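Please treat every number below as a calculation from the coordinates, not as lab data. Small disclaimer: the values here were computed from a predicted structure and weren't measured.
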Amino acid sequence: MQRYKRLGKDHVGAALLVVLGTTVVVLGVGYRMGTLNRMGPGFIPVVLGVLMILVGVAIALTALPAGARDAAPALPGHGHGGGGPQGRGWLCILGGVVAFVVLGEHGGLVPATFFAVFISAMGDRLNTVKGAILLSLLMVAMAVIVFHYGLRLQLPLFGWA
């Protein structure tokens with residue numbers, strides 16, 4: 001019984017991810033898988049289920065025992081060790097999603113990606129404007145390489161051009 005008292009909410013979340021991922025994989029293999037070139041209806045659910053299992057295992061391996069987080073010194077603005085939820089983080093992440101939707105439709109992939117990442121990055125109080133700009137530029141470069149050139153996504157780089 002003493003062992004279970006050390007399990008924190010990260011352990012419970014990890015277990016839920018592993019159980020849900022396993023369920024998705026088991027149900028997904030019942031559909032035709034196909035190949036990488038011609039994916040069947042079961043391919044994406046199985047891949048996502050496996051990724052969910054891997055994320056759950058990673059969280060479980062890095063999770064702190066229950067109560068260890070409260071004993072650790074809190075980082076300013078991160079909500080650990082007292083304090084409620086951080087409204088700035090929530091607003092910035094939601095604002096980033098809204099910015100991507102609006103700018104993706106009217107401005108194209110480059111401005112949508114840049115502003116979505118920049119706004120979301122500013123949700124972390126330890127981030128600087130310079131750091132958020134650098135992260136945004138890196139993500140724009142990756143998005144252009146992967147989605148425009150690699151996957152040939154039908155979203156123009158710039159909508160007004």
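Here are the numbers for this structure:
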read-out	value
Kirkwood hydrodynamic radius over Cα pairs of segment 7-71, then Stokes diffusion coefficient at 25 °C and 0.890 mPa s, in µm²/s	193 µm²/s
Two-decimal Rg/Rh across segment 87-150, once Rg and the Kirkwood Rh are taken from alpha-carbon atoms	0.99
Integer Hz, Karplus 6.51/-1.76/1.60 couplings in order for segment 117-127, x for Gly and Pro	5, 4, 5, 5, 5, 6, x, 8, 5, 7, 6
